[in-house]
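The values are calculated or read from the model by the stated rules, or taken from the named source; none is laboratory data. For clarity, every value in this text was computed on a predicted model and none was experimentally measured. No Cβ is skipped: glycine too gets one built from the backbone with ideal geometry, and neighbour counts run over all protein chains shown.
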There are 2 protein chains.
Amino acid sequence: MLHISQANIEQAATRIQNHIHRTPVMTSQLIDEALGVSLYFKCENFQKAGAFKSRGAMNAVLSLDTSQSAHGVATHSSGNHAQALARAAKIKGLPAHIVMPENAPEVKISAVEQYGGKIYFCKPTLEAREQKLKEVVAKTKATEIHPYDNYTIIAGQATAAKELLEDHPELDLIICPVGGGGLLSGTALSVHYFSSKCKVIAAEPKGADDACRSFKAGHIIPSVQPNTIADGLLTSLGERNFPIIKELVTDIITVKEATIIQAMKLLYERLKIVVESSAVVPLALLLEHGIPINAKQIGLILSGGNVDLKKLPF
Amino acid sequence: MLHISQANIEQAATRIQNHIHRTPVMTSQLIDEALGVSLYFKCENFQKAGAFKSRGAMNAVLSLDTSQSAHGVATHSSGNHAQALARAAKIKGLPAHIVMPENAPEVKISAVEQYGGKIYFCKPTLEAREQKLKEVVAKTKATEIHPYDNYTIIAGQATAAKELLEDHPELDLIICPVGGGGLLSGTALSVHYFSSKCKVIAAEPKGADDACRSFKAGHIIPSVQPNTIADGLLTSLGERNFPIIKELVTDIITVKEATIIQAMKLLYERLKIVVESSAVVPLALLLEHGIPINAKQIGLILSGGNVDLKKLPF
C-alpha cells in the first residue's frame, strides 16, 4: 500500500503550480567528464523560500478544508519547512505557528519572521520540539502540518522528481538526500509512477545514518545524537515515509563529512550556485563511492540553498 | 564612426554559438518589490569559464587567419580574459601565453593552468603588464589579443546584450559594469542596433572612477592607483572603446565599496548564485542611487562568477 496515487501527485502539481517555481535543471561539462556520467541537477535551491519544502507546504496548506484552517497551521522544523509553511500560510491568509530549535541558522529564522510566522524556540532535540509543538497546538488550536510524516506533504515533494523526469525522461537513476524521508518517499513515488526504468537511491551523512540503518534492519531506528554539517538531515524517518521507502528505494548510502564539504565547494566553484550542505549529499555519494548500479544518466535533487554564508565550511 | 556594424555582431554570435552558453536570465520577486521595478539579471557567471569574457575571446580566436594564429595568442589580464583566452586557444588547438599580475585571485590562476595556458607573472601595474607582454610577444611571435581594446573582442562581448534583448525586448535600460570598456562598448552597440528605446548606463566603483571622469571630461583619463574590491574593473578605458561609449552611453555612475558588498550579499542570499564583486556593481548602483531615467524594465549584466570563496567580503 503506497497510500499516494499517481493522481494524487498530479493533483498536487496542479494545485501548487501558481505558487512555486518550476526550477531549472543545470549541468556541468567538467563534473560530467571527471565522473564519466551525465548529471542533471534539479535546482530546488532556486525554489520559492529557497528549498523543495515549498512544494509540500503549499500542497498541504491548499488542501486544508475550512475547519482545518480555521486556527491556522503549526509545525516544528529546523528551518526550511518552517519558512515554507510560513510562506504558504501567508499566501492563504492563515497564521503560522513555528517551533524551531534555538540553534537553527540565523538566515532561516529571519526568513520565517519575514513571512510573518510566529516563532517558538526550543532545545535542539526531537523530544523538545514535539513537546513544545504539543503546547502550541493545545493553546492555539492550529492544525499541525508535520514536515514529512504527512501524505499531502509527501505528494507535494514528489512534484520535484515529476518535473525532473518530464525534462529528462532518459534518467536511469535519481539520487536525493534523506532526513525524515519526505523528499525521498515523494521522489520514489514519482519515479515509480512516471518512469519505467529509473531507480532511486538515497544519500545520507554517515554522522546521521539512521535511515541507512533502518533500511537495512527493515524497521525504523530513531536518530540519536546525529552529528553532521548537513543540518537538514538530522531527523528520524517518518512512519508514513518508511513503508514507501522500503518498497520503492534501491539503496541508502552514507557519506563522510569531508566529502560533503568537497561536493559543496565543487558546486559553488563549477555551477556557480549557492546550495546548502544537506543538498550536496547526493553528489558527495558519487565522489566517495563512484557510480552506483552502472547508471549513465543521473538526476540529483539539490534540495535547498538556505545557507549561512558566514559559515561556509571551505 | 562606430567601427562595428550590426552584421559584425550577428556574425560574432553565429561564430561563437557552439562554444559558449546562451546564459539564462534570472529574476527576483523580492528585489523587484523592494526597488519597485522589474530587474532581469543576465547570468554571465554561468558562462563558459565563468564570465562574459569567453564571448570576446572565442570570437577573437576564431577570427584569426592562418598567419595570425601560427604562433598562438598572448595577452595580459587580471583573470577572466586570461582563462577565456586560454580556453578559446585550447579549443582552436593554439598555445596561449598569459601575463597575469602576481596578486590575481588563486581561482583564476588555476583555471588558466587548467585550460593549458602558459602563465607569466608580473607586478600588478598596467606598465608592468604591458612591458612583460611585449617581452613575451617578442619571444614567442604570438598574436596579442587585448582584453578589451580590440574590435573582435568588443563584437563578441556585444552578444550578451543581444541575447538579453532577444529574451526581453521590453527593456528600457541596461546597466553594465565598466573597467576597460569592452563589455560596455559591446553592450552599447547591441542596444543601439537591436533596440529602438533601450538606454545604457555604466556602473563603476568610486575607488576606480576613471571611466566616469573620462566620460565627463570627454577624453580618456588613465586609471591611477585604483582601489576597489571589484578587481575586474581596475583598468583604464581603451582607445577603441571610448569613442563608442562617448557616443552611445547615457551616463556612468559610481558606487561605494559598502554598496558593492551589500549587492553581492543580496544576490547570494536571494538569487542563490555565486557572482564576483565586479559583477554586482550595476545592482549596487540601483541600491545606492535609486532608479535612473525613470526606467521600469532594467537588464543587469552579471559579468562573472569567478570569486575566491575563501575571501567573500560578507
Take the conditions assigned by TED's automatic domain parsing to the domain that holds residue A:274 and surrounded by fewer than 24 Cβ atoms within 10 Å (Cβ to Cβ) and apply them to residue A:28. Does it pass? yes
Taking residue A:207, is it closer than 21 Å to residue A:307 by Cβ and surrounded by fewer than 20 Cβ atoms within 10 Å (Cβ to Cβ)? yes
Taking segment B:178-197 and keeping residues touching a residue at least 40 places away in the same chain (Cβ under 8 Å) and not aliphatic (A, V, I, L, M) leaves B:179, B:180, B:181, B:182, B:185, B:186, B:187, B:190, B:192, B:193, B:194
Note on segment A:8-25: residues among the hydrophobic types (A, V, I, L, M, F, W, C) and more than 13 Å from residue A:192 (Cα to Cα) are A:12, A:13, A:16, A:20, A:25
Of residues in segment B:283-314 being within 14 Å of another protein chain (Cβ to nearest Cβ) and small (Gly, Ala, Ser), the one surrounded by the fewest Cβ atoms within 10 Å (Cβ to Cβ): B:305
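Say we look at segment A:33-71 and pick out the residues that are in a loop (DSSP other than H, G, I, E, B) and not hydroxyl-bearing (Ser, Thr, Tyr); which of these is nearest to the other protein chains (Cβ to nearest Cβ)? Step through it out loud before you land on a result.
Applying the first criterion (in a loop (DSSP other than H, G, I, E, B)) to segment A:33-71 yields A:36-37, A:47, A:52, A:63-65, A:70-71.
Going one step further and asking which of them are not hydroxyl-bearing (Ser, Thr, Tyr), we end up with A:36-37, A:47, A:52, A:64-65, A:70-71.
Values: A:36: 18, A:37: 20, A:47: 9, A:52: 13, A:64: 24, A:65: 29, A:70: 29, A:71: 29 Å.
The residue in question is A:47.
Which one of these is crowded, with 24+ Cβ neighbours inside 10 Å, assigned by TED's automatic domain parsing to the domain that holds residue B:59 and either part of a strand (DSSP E or B) or not aromatic (Phe, Trp, Tyr) (or both): B:86, B:104, B:160?
Working: B:104 fails: crowded, with 24+ Cβ neighbours inside 10 Å; B:160 fails: assigned by TED's automatic domain parsing to the domain that holds residue B:59.
Answer to the check: B:86.
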Considering only residues that are modelled with pLDDT of 95 or more and in contact with a Leu (Cβ under 8 Å, 6 or more places away or on another chain), look in segment B:223-242 and name the one that is farthest from residue B:154 (Cα to Cα). B:228
Sole residue being touching a residue at least 12 places away in the same chain (Cβ under 8 Å), within 14 Å of chain A (Cβ to nearest Cβ), within 20 Å of the chain's Cα centre (by Cα) and not in a helix (DSSP H, G or I), chosen from B:280, B:275: B:275
Out of the residues in segment A:56-77 that are farther than 22 Å from residue A:125 by Cα and β-branched (Val, Ile, Thr), state the one that is farthest from the chain's Cα centre (by Cα). A:66
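Consider residue A:20 carefully, then state whether it is of a type in the set (A, V, I, L, M), in contact with a Lys or Arg (Cβ under 9 Å, 6 or more places away or on another chain), in the same structural domain as residue A:244 (by TED's automatic domain parsing) and in a loop (DSSP other than H, G, I, E, B). Before the answer, list the steps.
On the way: of a type in the set (A, V, I, L, M): yes; in contact with a Lys or Arg (Cβ under 9 Å, 6 or more places away or on another chain): yes; in the same structural domain as residue A:244 (by TED's automatic domain parsing): yes; in a loop (DSSP other than H, G, I, E, B): yes.
Yes: the conditions hold for residue A:20.
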For segment A:107-156, give me each residue that is part of a helix (DSSP H, G or I), under 29 Å from residue A:7 (Cβ atoms) and out of contact with any Ser or Thr (no Cβ under 7 Å at 6 or more places or on another chain). A:151, A:153, A:155, A:156
Sort out which residues of segment B:210-228 are in contact with a Lys or Arg (Cβ under 9 Å, 6 or more places away or on another chain) and buried (at least 20 other Cβ atoms within 10 Å of the Cβ), and write them in order of number. B:212, B:214, B:215, B:228
